[in-house]
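Bear in mind that the values in this text are calculations on the coordinates, not laboratory data. Keep in mind the model is a prediction, meaning the values are calculated, not measured. No Cβ is skipped: glycine too gets one built from the backbone with ideal geometry, and neighbour counts run over all protein chains shown.
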Amino acid sequence: MAINKRELERYIDYNPNTGDFTWKYHWFNKKLKGKPAGHVSKHDKYQYITLNYVKYKASDIAFILMGRPIPKKVIYIDNDKSNNKWDNLMAYD
């Protein structure tokens, strides 16, 4: 992954209690500041966030922002791939 915690903290705010991601700063559309970041894919049901034209899984961003390495696989405890609450994400390597 080409993005690091410092860069992410500039763009995204993550609330680990709710699993919500909001824009702190959006490089393309300044009106998005404070709005929800990302979208849930209809195809695979994961939440994705695009930064600088690169699409990332929201769970990967959560791990980075929480100061953890991105695991090889993320297990969603409640089986809801769009629920990115920190206590719902489990690293599986």
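Using C-alpha pairs under 8 Å with a sequence gap of at least 6, the mean separation divided by the residue count of the chain gives a relative contact order of 25 percent.
Amide H contacts of residue 46: 41, each under 5 Å away and 5 or more positions distant or on a separate chain (H built 1.01 Å from N in the peptide plane; Pro and chain starts excluded). Charge dipole (Cα centre; +1 on Lys/Arg Cβ, -1 on Asp/Glu Cβ; no other charges) of the chain amounts to roughly 400 debye.
Can you tell me the order of 45-54, 81-90, 67-76 when each peptide is scored by its average per-residue count of other Cβ atoms within 10 angstrom, highest first? Numbers along the way, then the final one.
Working: 45-54: 15.0, 81-90: 17.3, 67-76: 12.6.
Packing order, densest peptide first, comes out as 81-90, 45-54, 67-76.
Normalised by 2.2 N^0.38 Å, with N the number of residues, the alpha-carbon radius of gyration of the chain equals 1.01.
Across the stretch 79-93, coupling constants 3J(HN,Hα) worked out from phi with the 6.51/-1.76/1.60 Karplus curve, θ = phi - 60°, read 6, 9, 5, 9, 8, 9, 4, 4, 6, 9, 9, 10, 6, 10, 10 Hz, and Gly and Pro carry x.
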